[in-house]
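Asks: I'd like to ask you about the structure that follows.
The values are calculated or read from the model by the stated rules, or taken from the named source; none is laboratory data. The structure displayed is predicted, hence computed values, not measured ones. Every residue, glycine among them, receives a Cβ derived from its backbone with ideal geometry; neighbour counts consider all protein chains shown. For accessibility, only protein heavy atoms count, side chains too; no ligands or nucleic acids. Shrake-Rupley method; radii C 1.70, N 1.55, O 1.52, S 1.80 Å.
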There are 2 protein chains.
Amino acid sequence: MIFSNIDFNDEEPIYIQIKNNIKDMISKGMFNKGSKLPSTRELSEILNVSRNSVISAFEELKDEGVIHSQKGKGTFVSISNVYKENTWNINWDEKYNKYANLCEELDIVKSEIPWEKDLISFKSISPQGELFDIDEIKKSFLNRISLEGHKLLNYGYAKGYQPLINYLLSYMEDKGVDTSNKDILITNGFTEGLDIILSSFTKSGDTIICENPTHNTAIKLFKVYDLNIVGIDMTDNGMDLEILEKELKNNDVKLSFVVPSYHNPTGIVMRHKERYELYNLMKKYNVPIIEDGFNEELLHTGSHICPIAALDGSSNGVLYIGSFSKVLFPGMRIGWILADKSIINKLESVKRCKNIHVSFLDQAILYDYLNNGSFEKYMKKIKKFYKEKYEFALECVKKYIHTDYIMGEGGLHIFLKLDNINSRELLSRCYEKGVIFMCGDVFYIDDSGHDTLRLGFSRLDFEDIEKGIKIIGSVIDELR
Amino acid sequence: MIFSNIDFNDEEPIYIQIKNNIKDMISKGMFNKGSKLPSTRELSEILNVSRNSVISAFEELKDEGVIHSQKGKGTFVSISNVYKENTWNINWDEKYNKYANLCEELDIVKSEIPWEKDLISFKSISPQGELFDIDEIKKSFLNRISLEGHKLLNYGYAKGYQPLINYLLSYMEDKGVDTSNKDILITNGFTEGLDIILSSFTKSGDTIICENPTHNTAIKLFKVYDLNIVGIDMTDNGMDLEILEKELKNNDVKLSFVVPSYHNPTGIVMRHKERYELYNLMKKYNVPIIEDGFNEELLHTGSHICPIAALDGSSNGVLYIGSFSKVLFPGMRIGWILADKSIINKLESVKRCKNIHVSFLDQAILYDYLNNGSFEKYMKKIKKFYKEKYEFALECVKKYIHTDYIMGEGGLHIFLKLDNINSRELLSRCYEKGVIFMCGDVFYIDDSGHDTLRLGFSRLDFEDIEKGIKIIGSVIDELR
């Protein structure tokens, strides 16, 4: 059997190696056009690799037009010879650098089960689009385009659209931040904010400290920048501060990353006291804080919890990344970095180098929407709405899933730990019954969290929340 | 509730302890200036102390100016006090990495003379915003937002908005490109397209070949990625192909970068013959081509000049970067990479890692505008318009500036070489007379081009074009 000759190396993802081997075999005439390949199940057994790796390899080969599937018949080679004589065929696979390979390898969108119609998906924590005020957005668009359309559609400034910057500065002031020495850079969402910061300050091998578990996009970025990640275990009030101090003492730490509100994935909201202690520890060891303002918009008003950036006063120890994407218009990709003026001035050049600026049209629409009072009205509506959803989802979890470890104080998701049940196994069984969720392992720095999962309920209606959680609960009972 | 944490001792009067606790909370940032305190009645209940103790504490705090009462509204914190004395001052300048420092150092926006009112500026080659069809854009927006607003404002896909991708694939087919194995990634303009490619394929020290001079943004990106740049001198038909072959032989070249149409800054349009020869040379030495489709939209139709990507047939040797930004809506920041499907599949993950995706709202508006025929109508109008401007500007240059070296075959700019006149000196004298332009040196890889300049006329009216060029000409005569 020709497949048994594959020697896997440790450097590339297995599925890439399978893919390249199949292409190689075709190019060498070992398969002809129309040849039937083994099934993914057979091939995974022959090669002694996971079936998912084979599926991924086949998917890519299909995308490239190298093979195709016929329903009920199997998978077949589509081409006679990948390398026609006189074509120019560059072997791109060997040209990607480590960064590109990591971007793909860590791209969970490509490895996780994708959303399909009729699936009840607890994967998403993005806002329910039906809640957006389309009429208000129309008004804001028509207002700005009439006032300054020619300007908005032409090149703008790297730092951003000034009225939006001014609005956000005063918005941050209302959160208690002293903005007198601060400025704002508008970014393509939170992700670009973090990317700009990491690409400007870190070198391969630098150490970053963060919560463990933490936001999987952040972990991905730390990894593609080849950082040494020190994860701090969490208590009910955020990072375990004793462990934090120990790690700060023992490591030469370049930056820290903290998600203090509705922490992703645990849902923990750090209390003021712990925020203050964490801030002072970072200050003591002179480790700058990247604060992810994630979901802060959903905090109950009057809770007297301010962002860590507010504790920094007129100092320059905190880089705050803000975004409305979990409540408002993520499709626009607008976020911001708030930091010391001199830092923003530098990062403005980095932004210009990467992609010049964020769409001025979108910035102006968002500004108008925020400024005319629509945002406040909208937030009032959705806070109530998501609070009810959260309470209902929590009730369902308590009713149908028997575990003591239920985390999350609101927001758009609940985090669970199930003793001795592997959430990947749980997922594959639930998937058969039409329910999917995020396995918690993707949020862990180390190889832990296999018994955890995150349930995002923001885009589901009450009926599906109950139905889905009931199914998850019943599968858990089966597995026990 | 934060007040519940107060532990009273037996040594001090209760009201003093309440007072000190409130001051302590303010100093720790738990209350900000303007925060509302509980009423004396509420606080006495929370703390389980007599109301008189609370009243006494408040009275003393008022005397000290720490809090104040507003009749009928309540009691508020008067001071903002977060670490006034004990600031945390990080020396950020020593924390930036080489990339960030280069981004700033090479950011010509920060070093060149900025635009001011009343200046006649030949610096820009961006489109004249007044030509944009605002009414058509409004229609496209209202159409898409009504059809799929909730979807467009929520998260989309990293590769881009599929109707726009399909439109652009067929648009590229119309240019002669075989798109059967190709796919498209939507990027935040040309700049991000090049950034994604360089960040995915290059390592520090890799060699890239390009025209000398070339697009200054491209040079900046090559430098921030620490590439070894080999510039090829140009003839009237693009890169000198003899020099190119010599350099391809002598260097281990990773990638090449070519601007074949209305080359920036020289304005040269490579003929088909040289495109074909260049393509074959790169193929012979197996050096992939990054083709910058810059200003291709302004080419005369029926000129039988196709992009180099079209010469590549079903091979995978060319990465084409497209953008309408020199004719249409640069403020939206939409460009694209067209390449082999497997490459786009990889770069999609890189895009997702950098900033998830380009604004779906903008992509949908642009798609609608392109697809409903507005683009065609607009291009017809502006081709005529810019052609007239070009011819007028060329006439003025010939009339007022005495030099034999005038380059540019249309497009939005003219490139000049002035024997023995330093264009920086020329610029500073012209600036005094209210005229600015781009010094040519920023487009050169090596330390040459000091006697060259680029005149962009796209945003100037006929009167200012003549007035400005006349001034430049007179200053040149003075300097001779």
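Asks: Looking at (1) farther than 30 Å from A:ILE343 by Cα; (2) among the β-branched types (Val, Ile, Thr); (3) open to solvent by less than 30 Å² (accessible area, probe 1.4 Å), can you tell me which one B:ILE55 breaks?
Replies: (3)
Asks: Out of B:VAL49, B:VAL66, B:VAL77, report the one residue that is open to solvent by less than 20 Å² (accessible area, probe 1.4 Å) and away from chain A (no Cβ under 14 Å). So that I can check it myself, show each step before the final result.
Replies: On the way: B:VAL49 fails: open to solvent by less than 20 Å² (accessible area, probe 1.4 Å); B:VAL77 fails: away from chain A (no Cβ under 14 Å).
None of the others qualify; the one that does is B:VAL66.
To keep it simple, each residue is scored yes or no on (1) in a loop (DSSP other than H, G, I, E, B); (2) under 20 Å from B:LEU338 (Cα atoms); (3) open to solvent by 10 Å² or more (accessible area, probe 1.4 Å); (4) without any contact (Cβ under 8 Å) to a residue 12 or more places away in the chain.
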| residue | (1), (2), (3), (4) |
| --- | --- |
| B:LEU198 | no, yes, no, no |
| B:GLU211 | no, no, no, no |
| B:GLY231 | no, no, yes, no |
| B:GLU245 | no, no, yes, no |
| B:SER256 | no, yes, no, no |
| B:PRO265 | yes, no, no, no |
| B:MET270 | yes, no, no, no |
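Asks: So which residues in region A:84-112 are within 8 Å of another protein chain (Cβ to nearest Cβ), open to solvent by 30 Å² or more (accessible area, probe 1.4 Å) and among the polar types (S, T, N, Q)?
Replies: Once the filter is applied, which keeps residues that are within 8 Å of another protein chain (Cβ to nearest Cβ), open to solvent by 30 Å² or more (accessible area, probe 1.4 Å) and among the polar types (S, T, N, Q), region A:84-112 yields A:THR87, A:ASN89.
Asks: Shifting gears a bit: If I filter region A:1-46 down to residues being open to solvent by 70 Å² or more (accessible area, probe 1.4 Å) and under 29 Å from A:TYR99 (Cβ atoms), which single residue comes out as modelled with the lowest pLDDT?
Replies: A:ASP7
Asks: Search region A:124-160 for residues being of a type in the set (Ser, Thr, Tyr) and open to solvent by 10 Å² or more (accessible area, probe 1.4 Å), and hand back the single one that is nearest to the other protein chains (Cβ to nearest Cβ). First the steps, then the outcome.
Replies: First, the residues of region A:124-160 that are of a type in the set (Ser, Thr, Tyr): A:124, A:126, A:140, A:146, A:155, A:157.
Pick out the ones that are also open to solvent by 10 Å² or more (accessible area, probe 1.4 Å) and you get A:124, A:146, A:155, A:157.
Numbers: A:SER124: 8, A:SER146: 8, A:TYR155: 5, A:TYR157: 9 Å.
If we take residues in region A:124-160 being of a type in the set (Ser, Thr, Tyr) and open to solvent by 10 Å² or more (accessible area, probe 1.4 Å), then A:TYR155 is nearest to the other protein chains (Cβ to nearest Cβ).
Asks: Being among the polar types (S, T, N, Q) and surrounded by fewer than 22 Cβ atoms within 10 Å (Cβ to Cβ) is the filter; apply it to region B:176-196 and report the residue that is farthest from the other protein chains (Cβ to nearest Cβ).
Replies: B:THR179
Asks: If you don't mind, there's one more thing I want to ask. Just one of (1) more than 9 Å from chain B (Cβ to nearest Cβ); (2) more than 30 Å from A:ILE471 (Cα to Cα); (3) touching a Ser or Thr at 6+ places or on another chain (Cβ under 8 Å) trips up A:TRP115, so point out which.
Replies: That leaves (2) as the condition not met.
Asks: Then there is this: Identify, by number, the condition in (1) open to solvent by 20 Å² or more (accessible area, probe 1.4 Å); (2) over 30 Å from A:ARG480 (Cα atoms); (3) of a type in the set (A, V, I, L, M) that A:LEU394 doesn't meet.
Replies: Of the numbered conditions (1) open to solvent by 20 Å² or more (accessible area, probe 1.4 Å); (2) over 30 Å from A:ARG480 (Cα atoms); (3) of a type in the set (A, V, I, L, M), the odd one out for A:LEU394 is (2).
Asks: Could we say that B:LEU455 is in contact with a strand residue (DSSP E or B) (Cβ under 7 Å, 6 or more places away or on another chain), closer than 24 Å to B:LYS387 by Cβ and modelled with pLDDT of 95 or more here?
Replies: The answer is yes for B:LEU455.
Asks: Okay, next question. A:GLU173 is checked against (1) assigned to a helix (DSSP H, G or I); (2) within 12 Å of another protein chain (Cβ to nearest Cβ); (3) in contact with a helix residue (DSSP H, G or I) (Cβ under 9 Å, 6 or more places away or on another chain) and fails just one. What number does that condition carry?
Replies: (3) is the only condition that A:GLU173 fails.
Asks: Out of region B:200-209, which residues are in a loop (DSSP other than H, G, I, E, B) and either outside the structural domain of B:GLY238 (by TED's automatic domain parsing) or surrounded by fewer than 21 Cβ atoms within 10 Å (Cβ to Cβ) (or both)?
Replies: Within region B:200-209, B:LYS203, B:SER204, B:GLY205, B:ASP206 qualify.
Asks: With (1) under 25 Å from B:GLY34 (Cα atoms); (2) at pLDDT 95 or above as the list, and A:ILE289 as the residue in question, which single condition is left unmet?
Replies: (1)
Asks: Moving on. In region A:111-160, which residue that is of a type in the set (Ser, Thr, Tyr) and within 21 Å of the chain's Cα centre (by Cα) is farthest from A:VAL350 (Cα to Cα)? Break it down stepwise before answering.
Replies: Step one: of region A:111-160, the residues of a type in the set (Ser, Thr, Tyr) are A:111, A:121, A:124, A:126, A:140, A:146, A:155, A:157.
With the extra rule that they be within 21 Å of the chain's Cα centre (by Cα), the set shrinks to A:111, A:121, A:124, A:126.
On the way: A:SER111: 31, A:SER121: 37, A:SER124: 31, A:SER126: 28 Å.
Filtering region A:111-160 for residues that are of a type in the set (Ser, Thr, Tyr) and within 21 Å of the chain's Cα centre (by Cα), the one farthest from A:VAL350 (Cα to Cα) comes out as A:SER121.
Asks: Out of the residues in region B:197-234 meeting the condition of being under 13 Å from the mean Cα position of the chain (by Cα) and among the hydrophobic types (A, V, I, L, M, F, W, C), tell me which one is farthest from the other protein chains (Cβ to nearest Cβ).
Replies: Taking the candidates together, the pick is B:ALA218.
Residues checked against (1) of a type outside the set (Lys, Arg); (2) modelled with pLDDT under 95:
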site: B:SER53; (1), (2): yes, yes
site: B:LYS71; (1), (2): no, yes
site: B:VAL82; (1), (2): yes, yes
site: B:ASN86; (1), (2): yes, yes
site: B:ASN89; (1), (2): yes, yes
site: B:ALA100; (1), (2): yes, no
site: B:GLU104; (1), (2): yes, no
site: B:SER111; (1), (2): yes, yes
site: B:SER124; (1), (2): yes, yes
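Asks: Being more than 17 Å from B:GLU173 (Cα to Cα) and either under 29 Å from the mean Cα position of the chain (by Cα) or open to solvent by 20 Å² or more (accessible area, probe 1.4 Å) (or both), is that true of even one residue in region B:319-326?
Replies: Let us first name the residues in region B:319-326 that are more than 17 Å from B:GLU173 (Cα to Cα), namely B:325-326.
Adding the requirement that they be either under 29 Å from the mean Cα position of the chain (by Cα) or open to solvent by 20 Å² or more (accessible area, probe 1.4 Å) (or both) leaves B:325-326.
Yes, that holds for at least one residue.
Asks: When only residues in region A:328-349 that are among the β-branched types (Val, Ile, Thr) and crowded, with 24+ Cβ neighbours inside 10 Å count, which is nearest to the other protein chains (Cβ to nearest Cβ)?
Replies: A:ILE343
Asks: I would also like to ask the following. So, of the residues in region B:350-375 that are among the aromatic types (Phe, Trp, Tyr) and either farther than 17 Å from A:THR191 by Cβ or touching an Asp or Glu at 6+ places or on another chain (Cβ under 6 Å) (or both), which turns out to be most open to solvent (accessible area, probe 1.4 Å)?
Replies: Applying the filter and picking the extreme gives B:TYR367.
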